[in-house]
Amino acid sequence: MQSVNEYYSAVQLRSDRWAALRETTDALAKGAPERQITALRKRATALFDALAVIEPYWAFPGMSAFEHMRRQFEHGKFEDVAFSVHRALRALTSGAYRRRHVPLDRDSADHDEQDDEAMLPPEARALSKPYFEVLIVDNVNEHHERWLKKNVQSMRRPEDPFLYEAVVVPSLEDALIAVLFNHNIQAIVVRPGLVLKSKVAMPMIDRYLQNAADQGEIDGLKPEDFGPELCRLVAKVRPELDAYLVTERSVEDIAGLDLGICRRVFYNQEDFMELHLNILRGVQARNKTPFFTALVEYSKQPTGVFHAMPISRGKSITRSHWIQDMGAFYGPNIFLAETSATSGGLDSLLEPHGPIKEAQELASRAFGSKQTFFATNGTSTCNKIVVQALVRPGDIVLVDRDCHKSHHYGMVLAGAQVCYLDSYPLNEYSMYGAVPLHEIKKLLLDLKAAGKLDRVRMLLLTNCTFDGLVYNVERVMEECLAIKPDLVFLWDEAWFAFARFNPTYRGRTAMNAANNLRAKFRTDAHARAYDKQQAKLKDADDEVLLKTRLIPPPSARVRVYGTQSTHKTLTSLRQGSMIHVNDQDFKGEVEQSFHEAYMTHTSTSPNYQIIASLDVGRRQVELEGFEFVQRQIEAAMSMRRAITTHPLLQKYFKVLTAGDMIPETHRESGVQSYYDAEQGWTDLWDCWEMDEFVLDPTRVTLAVGGTGWDGDTFKTQILMDKYGIQINKTSRNTVLFMTNIGTTRSSVAYLIEVLVEIAKGLDDLLDDASLMERKGFDRRVRNLMEDLPPLPDFSRFHDAFRADNGTPEGDIRTAFFLSYDERNCDYLELDGSLKDAMDSGQEVVSASFIIPYPPGFPILVPGQVVSQEILSFMRALDVSEIHGYRADLGLRVFTKEALDVLVGAKLSTAAE
């Protein structure tokens, strides 16, 4: 039996313990040899003991049935217990318990094995009532617990839209464990009899408790505060849940308290029907999908189509003699729901007043924003909308240089003065990390010293990065606001939409950090801390400020925008994205310009199927996002452990750890790796709480240079062409595997099988290789793992595109449009005229975005001076794609005459 330390989560531990118990009881039931019975009985006893600790937090099979199974085992009824365990495990695996009562005794079981939810047709699954569990927190005896559950069950009515079962736990700590263990819980009923401490002792449970709450604060609570405090604590870890507080305290005592997720307070009454109806209404509030429902209803209406879109209602297909295969492939519903109408119960994305407006409001609630806007053409458009809405020509914007190309083009459209920020390089793996806070602060202080701080408008960063590096978002915003109190933040969370629905990840999301800052800035404690620091830092120089964790003034404005590719990490059709807004000045300053920018970039013919999928995707994450994200993380952790501990895979592959991807100076916790073969799993909470950067474990970067293949070859010719495994990101010697909410344990198992097969093939190849072949292989590995060109930093904008030489901002818009006139441009060959020009001391200036893929970031932007480091990097590249570079002509650059004209015009303007 594997150690508890081998498991990342309780759900995975529970699943494997039940599977092991079935295997063991089956062996006993089949009459194992006498010499094995003692060992099997000992193993079964240990498994029952292990499950007894965690089973009280789930409704099925329930502690009564579990204890009955244990008694059967203790009395030697091996066939009976084997049958019961088999039925319980099958119901847990298939989800049968969610649809019907599952008898576990042989006498009462119906022996129907066709209960696998995955085997049901989609129509049948859609018609079944959704199931959830309600947590009741009260310290009651066994008899009273049965009475509570019986009363809850007696409230069920045939017309109820959902089914639910009750789980009863005695204490505040047990309730926290339950909501973190049991993803089926959708509502909590907190009764006056709860106690504080749990009687359960288990290292994994202790870890969960430490992450959920401050033990010092809990231990100091008075009994009458247990209920309200539990509601507040659950709001921190699972804010999507509903809580109902049953209390004996007076209205006056309760009225002024922060009750977190509490929807309603019941005053010392046993009105089970009223509680039942409130529970159903609370879950229904999250289950509703205004636009998807409206679209479904529209598709059922008989209509005559006398507008655009012949495909509407499928008429152009059903009448066709040549494209019937399209109708057969997609089915009728997608065409019945395809329309350009905005009436008949539907709505307009550009001016929403009905179901789209309501759907966006529900998304805002789910993701913790003040306003949320849907987009049907991807986060590239979302980024340009936000930039155009907020940035005026001449505004200075601090931009992560290796961000998505949409941001660079957004700067062009807005006419921003761009200050590019350099991320720390990971030269060994040909990729960039993230931008250190020290560099951001230094640039802000330099701009302040130059008298330009008033022109600084926005800080734009990617969180998390493609490779999984996550900023300490709240700290970055705090310290930047201490220097520039009205700074606007745009966090590109294209790959991070899922993070809201995990308590560890949530703390590093833009909307969560914005809400925390808004609450913090209103407190007296923050005002005192600010005043104290200001007195201490009086007359401090920049060096001191850079080394100090700065506190912003209480008057600082929280102005935060987040753009998310919902389709990348959650359920949505391709290009479904969202813009989340948490800006204190949105209503007064930005709303109108945002509306204009939204109109500029949003199609007047948005795809209704994408909008509907965003609506449904929001419903999913509010009801099961916690479960799905937890399983996503589990899959990634299993992958990391399997590759790291496999002797054969270690010869050719390496899973990059936090220590590999984050320099020690940015890892205050000292955590090197999330998994160690001797110690087991490292608790993510500590590093996610304190480190400047953390590594998202669901992004598994695998170094493949040891195979002799570069990343792109390994991706296309090995993984995709040979094994059908799809990935996206590569670097010179790495490939990136990203788990998502659709990743299963079997998918991970298949990947490991493939990697093992590849490694065995390499072993065989090298065993048969000649001396020269072996040398050739070693040389390829060395070229990929050792002889790597250093990644270049951003050089600078040419003086023609800069206002002065004091600070680094540049006019990328002027450079971009200057290249539209071919007379201003020339082409220089990398190994010929370009090298000669630079060797002679000539300043060469790029006229285009140059983006080698991999790694996929621009190493040159329009108006940027080509440095020797950039030239060396480009010459050393052996990738097949360099976007913006023409191999037949060379690098597109500005002519000296064009640059001289611009510089002369600047000097003339300055003289005037």
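The values are calculated or read from the model by the stated rules, or taken from the named source; none is laboratory data. Note that this is a predicted model, so its numbers are computed, not measured. Note: ideal-geometry Cβ built from the backbone for every residue, glycine included; neighbour counts use all protein chains shown. Note: areas computed on protein heavy atoms with side chains; ligands, DNA, RNA excluded. Shrake-Rupley method; radii C 1.70, N 1.55, O 1.52, S 1.80 Å.
Annotations
- Listed pairs 370/587; 150/288; 236/520; 442/532 exceeding 18 Å between Cα atoms: 150/288; 442/532
- Residue 646-residue 822 FRET efficiency (beta carbon distance; Förster radius 41 Å; 0.05 resolution): 0.15
- Cα gyration tensor of region 363-433 - equivalent ellipsoid semi-axes, whole Å, descending: 25, 19, 11
- FRET efficiency estimate (nearest 0.05) - Cβ-Cβ, residue 271 to residue 49, R0 51 angstrom: 0.80
- Peptides 432-440, 532-540, 449-457, 384-392 ranked from most to least packed give 384-392, 432-440, 449-457, 532-540, packing being the mean of other C-beta atoms within 10 angstrom over each peptide's residues.
- Nearest 10 degrees, 0 to 90: helix 290-300 Cα axis against the chain principal axis: 80
- Among beta bridges identified by DSSP and lying wholly in the chain, the antiparallel ones come to about 50 percent.
- Translational D in µm²/s for region 726-787 (Stokes-Einstein at 20 °C, 1.002 mPa s, Kirkwood Rh from C-alpha pairs): 152
- Those residues of region 761-786 whose amide nitrogen sits under 17 Å from the label point placed on residue 723, 7 Å along Cα→Cβ: 761-765
- Efficiency of FRET between residue 281 and residue 329 - r from beta-carbon atoms, R0 41 angstrom, step 0.05: 0.55
- Degrees between helix 78-94 axis and first principal axis of the chain (Cα, 0 to 90, nearest 10): 40
- Mean Cα-pair separation over length for region 655-723, i.e. relative contact order, pairs under 8 Å, 6 or more apart, %: 31
- Convex hull of Cα atoms in the chain, direction-averaged projection (nm²): 47.1
- A quarter of the convex hull surface defined by the alpha-carbon atoms of region 225-342 gives 12.2 nm² as the mean projection.
- If only the Cβ of Lys and Arg carry +1 and only the Cβ of Asp and Glu carry -1, the dipole of region 366-448 around its Cα centre is close to 340 debye.
- Inter-probe distance in nm under a simple model that places probes 7 Å from Cα toward Cβ, at residue 793 and residue 357: 5.1
- Each peptide in 652-665, 705-718, 773-786 gets a packing score, the mean of other Cβ atoms within 10 Å over its residues, and the list from highest to lowest is 705-718, 652-665, 773-786.
- Prolate/oblate/rounded label for region 266-412 (Cα gyration tensor, a/c 1.5): oblate
- Here's the list of aspartates and glutamates a cross-link from residue 300 could span, going by alpha-carbon distance under 18 Å and ignoring same-chain residues fewer than 8 apart: 123, 338, 347.
- Dipole in debye (nearest 20) - region 733-825, about Cα centre, beta carbon charges: Lys, Arg +1; Asp, Glu -1: 80
- Convex hull of Cα atoms in region 604-688, direction-averaged projection (nm²): 9.6
- Length gained on full extension, residue 522 to residue 574, computed as 0.36 nm times the residue gap minus the Cα-Cα distance: 14.7 nm.
- Computed over region 566-626, the Cα gyration tensor eigenvalues convert (square root of 5λ each) into semi-axes of 25, 17, 8 Å, ordered from largest to smallest.
- Length gained on full extension, residue 888 to residue 253, computed as 0.36 nm times the residue gap minus the Cα-Cα distance: 220.7 nm.
- Helix-only arithmetic for the chain: the sum of -39500 (n - 2.57) across DSSP H runs with n ≥ 4, divided by the residue total, places the mean residue ellipticity at 222 nm at -14000 deg cm²/dmol.
- Peptides 722-729, 808-815 ranked from most to least packed by the mean count of surrounding Cβ atoms within 10 Å: 808-815, 722-729.
- For the pair residue 221 and residue 668 in one chain, pulling the backbone fully straight at 0.36 nm per residue adds 157.8 nm over the alpha carbon distance.
- In straight-distance terms, cross-link reach from residue 536 covers every one of the lysines whose alpha-carbon lies under 16 Å from its own, apart from those fewer than eight places away in the same chain; here that gives 547.
- Per-residue accessible area (protein heavy atoms, 1.4 Å probe) orders 351, 692 as 351, 692, starting from the largest.
- Spin-label model, residue 309 to residue 881: label points 7 Å out along the Cα-to-beta-carbon direction sit 3.2 nm apart.
- Sequence-distant lysines (8 or more away, or on other chains) whose Cα lies within less than 16 Å of residue 906: 896
- When Rg and the Kirkwood radius Rh are both evaluated on Cα atoms of region 458-586, their ratio Rg/Rh stands at 1.03.
- Axis of helix 203-212 versus longest Cα principal axis of the chain: the two differ by about 60°, to the nearest ten degrees.
- Tensor-based shape of region 707-859 (alpha-carbon gyration tensor, a/c under 1.5 rounded, otherwise prolate or oblate): prolate
- Debye, to nearest 20: dipole size of region 51-93, +1 on Lys, Arg Cβ, -1 on Asp, Glu Cβ: 100
- Surface composition of the chain: carbon and sulfur make up 51 percent of the accessible area, probe 1.4 Å.
- When the charge dipole of the chain is built from unit charges on Cβ atoms (+1 for Lys and Arg, -1 for Asp and Glu) and taken about the Cα centre, the candidate among 421, 64, 800 whose Cα reaches farthest toward its positive end is 64.
- Accessible area expressed per residue, the chain, with surrounding protein chains retained (probe 1.4 Å, Å²): 44
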